[in-house]
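Shown next, in C-alpha cells, is the structure this report addresses.
The values are calculated or read from the model by the stated rules, or taken from the named source; none is laboratory data. These numbers come from a predicted model, not from an experiment. Neighbour counts run over all protein chains shown; Cβ positions are idealised from the backbone, glycine included. Each accessible area value is taken on the protein alone, full model and side chains, heavy atoms only, with ligands, DNA and RNA left out. Shrake-Rupley method; radii C 1.70, N 1.55, O 1.52, S 1.80 Å.
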There are 2 protein chains.
Amino acid sequence: MTTIRDVAEHAGVGLATVSRVLNQSPLVSEGTRQRVLDVIRDLNYTPHAAARRLSLGKTLIIKVFVPFFPRPSVTERLAGAVSLLSQSEYDLVIHNIDTPERRATCFEHLPTSKEVDGVLIISLSPLDHEAENLVHADIPIVLIDADHPALARLHRVTTDDVEGGRRAAEYLIQLGHRRIGFIGDTINNPFHFVSSRDRFLGYQQALAAARLPVRSEYYAEGEHGRREARDLARPMLSLAERPTAIVAASDTQAVGVLEAARELGLRVPENLSVIGYDDIEVADMMGLTTMRQMLYEFGQRGVELLLETLDSPDRPPVHEIMPTELVVRHTTAPPGI
Amino acid sequence: MTTIRDVAEHAGVGLATVSRVLNQSPLVSEGTRQRVLDVIRDLNYTPHAAARRLSLGKTLIIKVFVPFFPRPSVTERLAGAVSLLSQSEYDLVIHNIDTPERRATCFEHLPTSKEVDGVLIISLSPLDHEAENLVHADIPIVLIDADHPALARLHRVTTDDVEGGRRAAEYLIQLGHRRIGFIGDTINNPFHFVSSRDRFLGYQQALAAARLPVRSEYYAEGEHGRREARDLARPMLSLAERPTAIVAASDTQAVGVLEAARELGLRVPENLSVIGYDDIEVADMMGLTTMRQMLYEFGQRGVELLLETLDSPDRPPVHEIMPTELVVRHTTAPPGI
DNA sequence: AGAAACCCTGGAAACGGTTCCAATCGGGGG
DNA sequence: CCCCCGATTGGAACCGTTTCCAGGGTTTCT
C-alpha cells in the first residue's frame, strides 16, 4: 500500500509538504506542488481515510435516523439530504428505525463525537426524557419533521401539522361537506409519531370553527398502511349516515380509503371526497387531492443547517417551518345529493 | 475525551486487557473482565471509531452506488441491503448516481481498500473498459441487477430480463392479443441501462414464436418516467390500427400508459391491456398486472454475498439469478371486440 | 522438586495521516 | 556586510486503537 511517506520519498520532499499539497495549503511553492502532484498521479496514491479521520479528529460521517425506510414520505426527505451531502466531504450513513426497540436504543445511546460528526433525525420526535439526552449530546443534531419543547437549542425543520389538518378539513367544509371523517395512525403508537394526532387536532379545529360536531364514529385510527386504512374506512363508509368526505392522515392511507370506496361501490368524488397528506408520487398518479409538504426540500434544508453548524458551531439555533400547500386534484368535489 | 487509557488506569489494568474486553477476547479472566466493564460503564466510555478502523486496517464501511435514488425500484433494493447491513458492524454509505458524469467517475475511480471495505453496485452495468476496472479492484464488489460478461470473477445477483419481457408478452398473446406495443427507455441512454432493451428483446422473441410481426410503430422509447411514457403512448394509441395491449418496461411507465389511455377515453382492460414490470407498490395500488421482481430480496442477497466475501475472500464467485413472477391484476384481459 | 505447559497480563510498536515548531534559504534594508 | 523577515520546508509528536511478544504466576506431570 502506498502511503504519504512513499510519495514524500519519491518526490524528495518531507511528509508535511505532501500533506500540505493534499490539503491545498497555500504554503507550498508552485514547483514542489507540481512535483508532488506528479508523483501522486504516478504512484496512484489515495489517502487513507481512517488515518485521516483519526488525525483530523473528525469522523467525516453524518448519521441519519429514519423510520420505516423506504416509506415514500421519509425516503423523499432522505433523498433531499443525500443530494446536498454528496457535494460535501461528509459520508451519510443510514440508520433505519423499524422497531420500537431500535427507536429507544437510538435516543438512549446517541452517537458521540467519536463515532460521527453530526446526526440528522427524520420524523422521530423524542419523549421528554429522551429530549434531555439530545440537549446534552456532544455533537450537532438537526431534527427534520420532529420537535420537542425542550429542544429550543437545536436546529429544527418542522411543519405545522395542525394547520395542515385544519386546512384540509376547511377545504372540504368550504366545498359544502358537513359529515367529514378522519382516518389516521393510532395516536398512542409505539414510535410516538405525532403528525397524525396533530392533523386530527387541526381537523377538529376546523369542524369546531364551522360549528360542526366531531363525531366519534367518524374517527378511526389504526396502524399506518394502506390495507389498515382500507379496513378502517370500510365500516365508516357503511354507516347509515356515512361521511361524504374523509381526511386521511397520509396519502398512503388515502389510497386505502379509495380502495374501500371502490369496494363499496362509492364513486369518488361524486359520492365521496378524499383528501390525503404529503403529496408523494402516488398522489399525483392517482389524482389524489392532498396537502403537499415539500419533502425533498425538507431534507435539503436540514442538511444545510447541519453543515452550517459543523462549520461554525456557535451559530444560534434555527427553527424553520416548511410551508404546506393544498393540491387539488380529482378526489374532492362538493357533496353529491 | 475518555480513552482506552483512562479506562485501563481506573481499572488498574493494561491497555491490552481493556482492548481484549472490548473485543470479547476469551483471554481475560472473569474477574478483570467485570472490573473493566464496570469502569467502562462508570466513565461512559465509547471507543473511537476512526482509531479503531485505522488500527484494524478495516474501514468498516460499505459503499453502495444507486442510480436515481429515490426511484422506487432501486430504493426497494436498497432497503433490502440496509436491513441486512444493520445487523452487521458495517456502515452503509449511499452514493447516488443521477448524472452520466457521476456514473463515469464512479467506474473510473473506484474506491480503494483505504476508503471502504466493499462496494455494492445496484442497477448499473459497466461498459467494456469499465469492467476492466472492476475486475482489478482491490476490494470485493457485488453487482445487484447489473452484469457484464467480463465479470465472471465477481458476485452478481441478476434477473433474466429477456425472459421477463418474453413472459409478459406471452401472457398477452395467450390472452388473445395480436397487436401488442412496447414502451420503454431509450436503448442508447447515457447511463447504459440495459434492462429495458433486454425486456424488449424478450418481447420480440415472444412475438416471433407466435409468428406475430414486430411492427416499428408499436415500439416507442424515451426517457424513463411516467410523463414521458404517457407522451409516447398517446400517438401509439391514436393509430388507426392501435395496439390492443402494451408491455411497459416498468411499472412507472405502465402508469403513464394508463394515463394516456384515460385521456383518450380507452377503458382498461376492456379496450386496452397494460402490463408493467417490477411490482413496486403503486402497481398494487393501481391494480396493475406486472412482472414481479423480488426487489427487497435482491438487495438482501447482494449484501449477504458481500458479507460472506468480506469474511472469506477466496470463496468462489456466485452468480445468482432471482426469479420473476407474473402478477395478474386488473389491467389485462382478452382483447375487446 | 524441577520442568513444561498453560493462562493471563502489560508494554510497546504499529496503523497513516496532520500539524506544531524549528530550521533553512533568499532577499531587502540599515 | 550583517541582521531580520517572510516564504518554504522537514522532523517529530500526536491522534486512540489493536496486537505481537515477552513475562510472571499457577498448575500438572514426571
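Residues satisfying the criterion are present in the stretch A:220-233 (criterion: within 30 Å of residue A:102 (Cβ to Cβ), touching a Ser or Thr at 6+ places or on another chain (Cβ under 7 Å), open to solvent by 10 Å² or more (accessible area, probe 1.4 Å) and part of a helix (DSSP H, G or I)). Restricted to the stretch A:16-39, and to residues there that are near DNA strand D (Cβ under 8 Å from one of its atoms) and of a type in the set (D, E, K, R), the residue that is nearest to the other protein chains (Cβ to nearest Cβ) is A:20. The numbered conditions (1) open to solvent by less than 10 Å² (accessible area, probe 1.4 Å); (2) farther than 28 Å from residue A:4 by Cβ; (3) not in a helix (DSSP H, G or I) are all true for residue B:116 except (2).
Restricting the first member to the stretch B:13-33 and to residues that are without any contact (Cβ under 8 Å) to a residue 60 or more places away in the chain and among the basic types (Lys, Arg), and the second to residues that are outside any loop (DSSP other than H, G, I, E, B) and more than 7 Å from DNA strand C (Cβ to nearest atom), the beta-carbon pairs closer than 8 Å and six or more apart or on different chains are B:33/B:21. One residue stands out among those in the stretch A:61-71 that are at the interface with another protein chain (Cβ under 9 Å from one of its Cβ atoms) and modelled with pLDDT of 95 or more: the one that is surrounded by the fewest Cβ atoms within 10 Å (Cβ to Cβ), which is A:61. Residue A:128 fulfils the conditions (1) open to solvent by 30 Å² or more (accessible area, probe 1.4 Å); (2) farther than 27 Å from residue A:279 by Cα; (3) in contact (Cβ under 8 Å) with a residue 60 or more places away in the chain except for a single criterion, (3). For the stretch B:1-15, the set of residues classified as assigned to a helix (DSSP H, G or I) and surrounded by 13 or more Cβ atoms within 10 Å (Cβ to Cβ) consists of B:4, B:6, B:7, B:8, B:9, B:10, B:11, B:15, listed by residue number.
Within the stretch A:220-228, identify whether any single residue is more than 28 Å from the chain's Cα centre (by Cα) and in contact (Cβ under 8 Å) with a residue 24 or more places away in the chain, and answer yes or no. No, that holds for no residue.
When residues in the stretch B:81-110 are screened for being part of a helix (DSSP H, G or I), over 20 Å from residue B:311 (Cα atoms) and either within 12 Å of the chain's Cα centre (by Cα) or at the interface with chain A (Cβ under 10 Å from one of its Cβ atoms) (or both), 1 of them pass.
Residues in the stretch B:288-326 that are small (Gly, Ala, Ser) and crowded, with 16+ Cβ neighbours inside 10 Å: B:299, B:302.
What about residue B:41, is it more than 29 Å from residue A:296 (Cα to Cα), without any contact (Cβ under 8 Å) to a residue 24 or more places away in the chain and crowded, with 21+ Cβ neighbours inside 10 Å? So residue B:41 fails the test. Criterion applied to B:20, B:52, B:35 was being within 12 Å of DNA strand C (Cβ to nearest atom) and more than 44 Å from the chain's Cα centre (by Cα), and the one residue passing it is B:35. Residue count for the stretch B:55-76 satisfying the condition of being in a helix (DSSP H, G or I) and within 16 Å of DNA strand C (Cβ to nearest atom): 2.
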